[in-house]
Amino acid sequence: MVKSTSKDAQDLFRSLHSAYSATPTNLKIIDLYVVFAVFTALIQVAYMALVGSFPFNSFLSGVLSCVGTAVLAVCLRIQVNKENKEFKDLAPERAFADFVLCNLVLHLVIINFLG
Amino acid sequence: MMNLSRSVALISLFLLPLLTFSFSVDNPTDRRVLVLLDDLSLKSSHSIFFSTLKSRGFDLDFKLAEDSKLALQRYGQYLYDGLIIFAPSTERFGGSLDSKSIAEFVDSGRDLILSADTSASDLIRGIALECGVDFDEDSSAMVIDHSSFDGDHTLIAADDLVKSHAILGKTKIEAPVLFRGVAHSLNPTNNLVLKVLSASPSAYSANPSSKLSSPPQLTGSAISLVSVMQARNNARVVISGSLQLFSDRLLRSSVQKAGSPNKYEKSGNEQFVTELSKWVFHERGHLKAGSLVHHRVGETDEPAIYRIKDDLEFSVEILEWSGKSWEPYVADDMQVQFYMMSPYVLKTLSTDKKGLFHTSFKVPDVYGVFQFKVEYEKLGYTTLSLSKQIPVRPYRHNEYERFIPTAYPYYGACFTTMAGFFVFSFVYLYHK
């Protein structure tokens with residue numbers, strides 16, 4: 001039984017890996033960016049757990065910048081993905097332009113809130 | 001008509017100099033003293049004491065206690081700065097004097113020497129009671145001491161003096177002080193009265209000519225022979241249980257305590273009463289304070305408001321009256337409080353030996369309305385109670401540090417995210 005579950009886990013991982021390799025490159029780039037943003041957010045949370053939340057506004061600003069940009073990147077991925085029927089009529093350039101504008105507003109807000 | 005107005009002008013001209021011969025803030029020693037006697041022979045039997053007072057510049061006015069023209073005030077102005085009552089057996093004063101007017105005299109800041117003796121009248125006891133001193137209720141009782149006496153067991157040779165340079169001067173009184181009279185006690189909760197000459201532990205107060213039927217009420221060191229009181233307005237009162245303490249006979253007499261080999265040529269009485277009279281008439285131990293000065297370190301002007309965690313310097317000038325002039329006061333126990341409901345800062349002031357007391361400290365991390373308070377109550381000196389109010393504000397929003405060091409990782413994260421977004425957008429648009 002144990003051997004079959006570990007073999008199942010290995011098979012699952014291999015199938016995920018092969019399925020993922022099939023995704024287009026631009027989507028993989030977006031995924032990498034999201035992972036980077038979430039990783040930065042996690043580092044900040046760990047730091048706050050160590051040091052305490054003294055300038056709480058700075059902490060929130062830092063975490064919000066990472067999480068916000070990750071969310072916007074996920075939205076871009078949804079809109080640009082060709083397999084997604086819902087956004088078939090939306091031009092990918094329009095999606096990217098929205099992404100850039102929203103990020104500009106986001107960064108303006110967090111620089112103001114950073115203190 | 002012309003004659004009347006001219007004479008009125010002349011009389012008022014004569015009255016004007018009278019106003020200059022009184023004690024004032026700049027010259028606190030008393031000048032004019034009324035001496036009430038119940039017997040004019042006291043002038044000669046106590047001549048040494050009165051002549052020492054006159055030689056120090058006092059203007060003594062001798063009157064009989066029952067003189068019907070006695071008055072302390074005229075037209076609302078006090079005529080005298082000090083009062084000596086050597087009238088222990090007087091039942092009622094003449095003129096407009098009574099215990100109420102004497103209490104008002106002391107309330108106005110003027111000084112009093114009151115002496116009782118054996119068979120003190122109720123009037124004298126009442127005045128002493130107003131000042132916080134309780135004479136023995138038995139009117140025939142005297143202080144008897146079977147171990148500290150000289151010759152007669154009612155002539156006490158006392159040497160239990162209060163340790164105060166202000167009240168008794170710098171020179172130690174070597175010989176015992178001779179005393180024959182009544183005992184009094186002080187209420188221990190009263191912090192304005194003080195025992196200057198106490199009886200020895202073997203003394204007690206009883207009638208010397210009759211057998212004791214019950215143990216005496218006043219015994220031992222609880223008996224005070226001479227006490228002083230400094231009122232809250234710095235008026236000074238000396239209350240003595242013996243009129244003979246001031247008399248020439250005891251001032252000149254030699255002392256030998258029974259059972260002690262030391263014989264002193266002269267009793268300590270003259271030095272004792274002279275030093276005590278210097279203290280009671282404000283020739284010694286009288287302090288005056290200038291205004292409290294405070295400013296930020298590096299500035300000279302007094303600011304209207306301080307900020308928390310400011311560094312400030314505080315100073316006050318205190319002078320002591322030497323009898324003739326104001327000398328700088330030197331002490332190492334003057335303290336200042338930075339007070340709001342309770343002292344947040346309590347610092348001892350350091351002196352520059354020229355009367356200026358100064359210190360510097362940091363404003364605490366609390367904002368509100370504070371007071372600089374100097375409360376000085378030293379034995380024998382006038383009480384100083386000075387205060388000055390100053391508000392303290394918190395930081396303005398632009399007085400905080402611009403960049404908080406603990407938040408550097410967050411600043412870094414934000415800028416890293418922005419850089420990442422920039423790089424991502426390039427890579428996304430131009431990848432192949």
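The values are calculated or read from the model by the stated rules, or taken from the named source; none is laboratory data. Since the structure is predicted, the reported quantities are computational estimates derived from the model, not experimental observations. Using ideal geometry, Cβ is built from the backbone for each residue, glycine included, and neighbour counts are taken over all protein chains shown. Side chains are part of the model used for accessible areas, which takes the heavy atoms of the whole protein and leaves out ligands, DNA and RNA. Shrake-Rupley method; radii C 1.70, N 1.55, O 1.52, S 1.80 Å.
The residues of region B:389-423 that are of a type in the set (A, V, I, L, M) and assigned to a helix (DSSP H, G or I), listed by number, are B:ALA407, B:ALA413, B:MET418, B:ALA419, B:VAL423.
A:LEU27 fulfils the conditions (1) closer than 17 Å to B:THR416 by Cβ; (2) in contact (Cβ under 8 Å) with a residue 40 or more places away in the chain except for a single criterion, (1). Listed here are the helices (runs of 4 or more DSSP H) enclosed by region A:1-91 that have at least 3 residues being open to solvent by less than 50 Å² (accessible area, probe 1.4 Å) and modelled with pLDDT of 85 or more: A:25-51, A:56-80.
With a requirement of 2 or more residues that are without any contact (Cβ under 8 Å) to a residue 40 or more places away in the chain, the strands (runs of 3 or more DSSP E) lying completely within region B:115-227 that satisfy it span B:152-158.
A quick yes/no check of all residues on (1) over 14 Å from B:TYR376 (Cβ atoms); (2) in the same structural domain as B:VAL369 (by the TED database); (3) in a strand (DSSP E or B):
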site	(1), (2), (3)
B:GLU302	yes, yes, no
B:LYS309	yes, yes, no
B:GLU313	yes, yes, yes
B:GLU317	no, yes, yes
B:LYS324	yes, yes, no
B:TYR339	yes, yes, yes
B:PRO343	yes, yes, yes
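For region B:347-384, a residue qualifies if it is more than 21 Å from B:ASP310 (Cα to Cα) and in contact with a Phe, Trp or Tyr (Cβ under 8 Å, 6 or more places away or on another chain), and the qualifying residues are B:THR351, B:GLY355, B:GLY380, B:THR383, B:LEU384.
Answer yes or no: is there a residue in region A:18-33 that is within 10 Å of another protein chain (Cβ to nearest Cβ) and within 30 Å of B:THR406 (Cβ to Cβ). Yes, some residue in region A:18-33 is within 10 Å of another protein chain (Cβ to nearest Cβ) and within 30 Å of B:THR406 (Cβ to Cβ). Determine whether B:VAL374 is touching a residue at least 40 places away in the same chain (Cβ under 8 Å) and exposed (fewer than 13 other Cβ atoms within 10 Å of the Cβ). No, not satisfied.
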